[in-house]
Amino acid sequence: MTPNIPAFTPAYILPTELQNYGLPTQDVQGDINIMSLVTFASSLIDIECGRIDGDGSGSLVYTTYVQRDLLQTRNRNLVMVAAKPMVAVSQSMVDQLAAAAVASGANYFYTGVQANVATGPNGTPTALIGASGRYGYTRQDMSIAYPDLFSFINPLNLLTLFGGPAPWTPIDITQTDYDPKTGELWIPAGLQLQRYSEVILVYNSGYSPWNIPPAIKNVCASIVKRALASDGTTGLMNLMVSQAGVNAKFAQKYIDPTLDAMLQPFRTVRAY
């Protein structure tokens, strides 16, 4: 992240869209900062959808992810990426996102996503930025070999005889193929002519901040309305004190089963 660009904060309803989703504008609501509630709701959606990576970054907005997986699909060179949809982000789009982040004064646009420059087998840009694989020890019943695998000295096998982890080798991402919606990725076999036992993938996933799916926007608006109803804090909506005791009424939790179902298509799924 360059010093001139503020830290990214997701906002799935932009300031110009507030009234479109039944939300008050900053002027109408007075002291309450509506956009702070929007960013709260958007961050909550990112957490619920599992978009936050192990380093605390990630979003449904275009994001670059690093994923490391062990023991891929048995007997096949397939791996499932966790964050979907996979998407190729051009350098011009990255420049546009960075410019919008600087111009707006509030960065709802640029997560630090890296541009995709490689193309896939069909000649179109690929969502992958880089990939590496290696062969490690596996269970005997899961080990497969081609008939001529051991007919020559494999340098990767030779290195592992002296101890230490198996070496990483680059994967040619121009020869990979994937389904952007499901995240199923096919990678070519390496020097051992079989699937890798471990891979590291660097790829882009997410949506344009100017084209967030309507379902996500509607969930965001619902969370903001519930936060407004609960004063954005404890969720306490009504408090009555009488001789019978204290009767407190609280708002529903921010994400109820209906909103949860609306977010289901956007959740991160890890498959091994």
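The values are calculated or read from the model by the stated rules, or taken from the named source; none is laboratory data. Model, not experiment: these values are computed from the prediction. Here the Cβ is made from the backbone with ideal geometry for all residues, glycine too, and neighbour counts use every protein chain on show.
Assorted remarks:
- Scanning the stretch 175-234 for residues that are modelled with pLDDT under 90, farther than 30 Å from Ser132 by Cβ and either in a loop (DSSP other than H, G, I, E, B) or not assigned by TED's automatic domain parsing to the domain that holds Ile13 (or both) yields Ser230, Asp231, Gly232, Thr233, Thr234.
- Subset of the stretch 4-56 [modelled with pLDDT under 85 and hydroxyl-bearing (Ser, Thr, Tyr)]: Thr25
- Just one of the listed residues (Ala83, Ala101, Ala88) is under 22 Å from Asp46 (Cβ atoms), over 16 Å from the mean Cα position of the chain (by Cα) and in contact (Cβ under 8 Å) with a residue 24 or more places away in the chain, namely Ala101.
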